[in-house]
1. Against the 2.2 N^0.38 Å scaling, with N counting residues, where does the stretch 1-63 land? I'd like the Cα-based Rg ratio to two decimal places.
2. Here are some pairs, K54/K188; K128/K297; K297/K324; K304/K324; which of them have Cα atoms lying more than 28 Å apart in this structure?
3. Using only DSSP helix segments of four residues or longer, with each worth -39500 (n - 2.57), what per-residue ellipticity at 222 nm results for the chain after dividing by its residue count and rounding to 500?
4. Once R0 is set to 25 Å, what does the formula 1/(1 + (r/R0)^6) return for the Cβ-Cβ distance between H216 and Q52, expressed as a FRET efficiency to the nearest 0.05?
5. Among Q327, F266, Y315, which residue has its Cα positioned farthest towards the positive end of the charge dipole of the stretch 247-372, with +1 placed on the Cβ of Lys and Arg, -1 on the Cβ of Asp and Glu, and the dipole taken about the Cα centre?
6. If the stretch 247-372 were replaced by its equivalent ellipsoid, with semi-axes equal to the square roots of 5 times the Cα gyration tensor eigenvalues, what would those be, largest first, whole Å?
7. Could you give each residue of the stretch 358-366 its phi-based ³J(HN,Hα) in whole Hz, using Karplus coefficients 6.51, -1.76, 1.60 with θ = phi - 60°, and x for Gly or Pro?
8. Taking 0.36 nm per intervening residue step and subtracting the Cα-Cα distance, what contour gain separates D205 from E358 on full extension?
Amino acid sequence: MNTKLPFLDLKAQFATIREEILDTVTRTLESQQFILGPEVTALENEISELTQCKYAVACASGTDALTLALRALGVGPGDEVITVPFTFVASAGSIVQLGAAPVFVDIDPATFNIAAQKIEQAITPQTKAIMPVHLFGLTAAMDEINAIAVRHDIPVIEDAAQAIGAQHHDRPAGSLGLMGCFSFFPSKNLGGAGDGGMITTNDPDCAERLSLLHVHGARERYEYEIVGMNSRLDALQAAILRVKLRHLSDWNAARRRNADFYRKLFAEFNLEEKVGLPLEPASMTHVYNQFTIRVGKRDFLREKLRNRGVPSEIYYPIPLHVQKAFQYLGYQPGDYPVSECASREVLSLPIYPELSEEQQRSVVAAIAESIAA
Ligand SMILES: *Cc1c(COP(=O)(O)O)cnc(C)c1O
């Protein structure tokens, strides 16, 4: 290959929608309507349709979506929220921001998602929510999780930041718990030109609280019912996201096609014994925000791939329970062995929609050569 293969090629994507994006940006600039307004409302309606949720509230980031959802439940100091240590920092950071404590539950080694059978032993009288993460674009085991949640009368908030368009028994991510939280960070499957987020719900009370909380708690202008945040999605972002949303199902389908082709290639190169491929349970539709393999000598392989010009990333190299920021919680190395093992073995490969079959072949060929070396 003469041109360097990127891990994620957002420029290739932009080239396919350049005119549409420039048009909508121009129109929004001409309107000079930057805060809330018709583009934001239209995006909320479109996301509510996509997720089959009655309500969708746009906000400033995926992190804020999690924080707002927790605040809508009244989570605060002294409360506990169950989540996983093998995730992006914001899953637990949002809990800490509100003065509550994240209580970690280890993951399932096959799906990288919360081990549902370990949730119940983590529940205490302080547990205010269970927050599964749909990691890499695969929904968590929501049947089991919701059954536990119902038994203990604890609400479920989905961290669906990586899973827009994913399905679980034909139900979309975002509609599988009480509230669903999405991120429009540029590297997500639906990414804006900056930060953005959305919360979805079918619950009118939650929707009402979210819509107050994200604009300072104001119901009427300058009349505040509760103290809220300033967490709005910019109209410019909404306009851009609306253009990109029209392509999301094609892009997700392309990611799934690429995942299938990787599976074929790993078989063709006889790597199936040496490399663990991502699982897709029959009841779920994975949207492959990441295509994450497992390998024993991960760091060795990554170095060899880098030398061959093949990019890869490690999501996530250090589980949250052993991060310095969370040390005060008192967790020790060894407390979550499945997460710790995943952190040592995972390697994410390029999977973006515009990736070509030749590029995929070069990735897998480089893996085969590196492992043989
Ligand atoms: C990206 C992400 C977030 C945070 O979203 P931002 O928009 O970056 O704030 C939260 N949780 C997970 C699992 C994510 O991948």
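The values are calculated or read from the model by the stated rules, or taken from the named source; none is laboratory data. These figures come from a predicted structure and were not determined experimentally. Glycine gets a Cβ as well: all are built from the backbone with ideal geometry, and neighbour counts include every protein chain shown. To get the accessible areas, we keep the full protein, side chains included, count just its heavy atoms, and leave off ligands, DNA and RNA. Shrake-Rupley method; radii C 1.70, N 1.55, O 1.52, S 1.80 Å.
1. Rg over 2.2 N^0.38 Å, computed on Cα atoms: 1.52.
2. Exceeds cut-off: K128/K297; K304/K324.
3. For the chain, the value works out to -12500 deg cm²/dmol.
4. E(calc), rounded to 0.05, equals 0.25.
5. So the residue furthest toward the plus end is Q327.
6. Listed largest to smallest, the semi-axes of the stretch 247-372 are 27, 19, 13 Å.
7. 4, 5, 5, 4, 5, 5, 6, 4, 5
8. On the way: separation 153, 0.36 × 153 = 55.08 nm, distance 5.06 nm.
Gain on extension, D205 to E358, equals 50.0 nm.
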